[in-house]
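First the structure, in the form of structure tokens, and then the observations on it.
The values are calculated or read from the model by the stated rules, or taken from the named source; none is laboratory data. As the structure is a prediction and not an experimental result, all values here were calculated from the model. Backbone-built Cβ (ideal geometry, glycine too); neighbour counts: all protein chains shown.
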Amino acid sequence: MPNRRRSLTRLPSLPTIAVEILRVFGDPDASIQKVADLVQADPAIASKLLKAANSSRYGLRREVADLRQAIVLLGKAKVTPLVLSFSLSIDLQESQESASHFKHFWLRSFVQASAGEVLGTLFGASIGAECFTINLLAGIGQLGLLNQDADKYIECVEQSEQGGRSLADIEREVYGATHHEISVDILEHSGLPLRCVDAINSLLPESAGQRLDAEMQRLADVTRVADAFARYLCDKDTGVALVVLQERLVMLNIGEMDVEKLTTAVRGKLDESARLFDIDPSSFPDPDELLEEALDQLADLTEMMHDESRAIPTELVAENGRLKMQVDELVKQTTTDVLTGTANRAFFDRRLKEMVHQCRRNDVQMGVAVVDIDHFKNVNDTYGHQAGDYILQQVARALDGVTRADETLARYGGEEFVVLLEDIVTEGMAIVGERIRSKIEGLDIVFEGTGIPITVSIGLCCGIPPDGEYGAKLFSHADAALYEAKQGGRNQAVCDTSLSSPSNACSTPSPQTDTAAAS
């Protein structure tokens, strides 16, 4: 027994039919007849395979009632991962203890397999089927450890989720090997082709830098991306997983594929496969919520990197901090509006939620100013969209110049900007509105020799948050105030005081607002 699994009493094993189908898969001379004989020996799997052949996921041209015909039409490359999936899911269903954990790890394995299939299919349908098989088996060590001693392995997972140490480090301490190492050990003698075992082996840190031929490198790269995607969708450390996933997608060098497209494609596969393979993808968050959670974690990591008293995850400081350097860049890319350089709407939405909780906790007012460029459509129609883009950039720069360090400026969309203000009295809102209005009115914007006068309308509102949903209400009131400013003649600021605390509410409009309205 290799030294790295010295603490395992026995190596986890695959179901018998899984071992047999892998041997067939690894034998290029094995006939379809041999596959059919193997499948027919297990009625439960035979029934599932026939059902799969007639499902929308595999889309055969006509309904098939004969198992052998279904196997011929599907082909050995597709039948192999199907039989593997069915045998593993049936085996797991027989394990009643810790059923929820088994379901989670089976779902994770299927997510990784589906990601491998999506990516592999970009290189060819047969490669997609092979990548599905590879990635379905990549986590077999994890399922095996759970099957061998559920309580012991669940404790390892929970320790990792509590923070500080990676699951791989805990697994190596408890078992003498990581689950990926155990997967390789199990599969080396299973009949799985060596190229497939080597692709799974590429997930081990010590395999980094190994020279592989083009075919092997492709399988290894797809497996590494699929593993990172499963981590992003299924595990707790979505922030770090997103960084790793982005990096590995770049290395795979598939220009048309990004995180958003991969997420959409895999979710589609999971929805098609749910009933066939006994998985439940409904527990996954919405893609936008998932990305938001990842970016929140990355923002926390960014703060950690500048705080020497806090421990940074070891993965981020490995390899001369290569991943650590990418965190700042990824946060910048996903929180910044490309055209204007201000924060984008996604960042504003997250910051609004944070400020609601912060001001609620401190019992202080917060405010929102919604700023809209007047007659912007006419500007675009008259001077062209390039002029419009230039004006947006100039307005953004001017707003940044009058926005203080404790205020958050973002482009909300189109020609609309927002400013988020913390710990502000109601009288101060009117002052902020006039400060912004007068600054924009005073801009000297010249595009290709032509001067273009620009003004803005502003709606403001402030108050003390009574609950966690206050942000949407506050923005709605500020937006309504903006509409009032537009209806009142534009180039003015209107402050809605209906949400202000009584001690801070204005009894009369501020002189600045009167001046703005008159102009």
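For segment 110-119, check the following and say yes or no: at least one residue is of a type in the set (D, E), within 26 Å of the chain's Cα centre (by Cα) and modelled with pLDDT of 80 or more. Yes - at least one qualifying residue is present in segment 110-119. The number of residues in segment 448-475 being free of Cβ contacts under 8 Å to residues at least 40 places away in the same chain and either surrounded by 22 or more Cβ atoms within 10 Å (Cβ to Cβ) or aliphatic (A, V, I, L, M) (or both) comes to 1.
Taking helices (runs of 4 or more DSSP H) as the structural unit, those lying wholly within segment 314-407 and holding at least 3 residues that are at pLDDT 90 or above correspond to 345-362, 376-383, 385-402. Within the set R165, R195, R224, R267, the sole residue that is closer than 30 Å to R23 by Cβ, surrounded by fewer than 21 Cβ atoms within 10 Å (Cβ to Cβ) and among the charged types (D, E, K, R) turns out to be R195.
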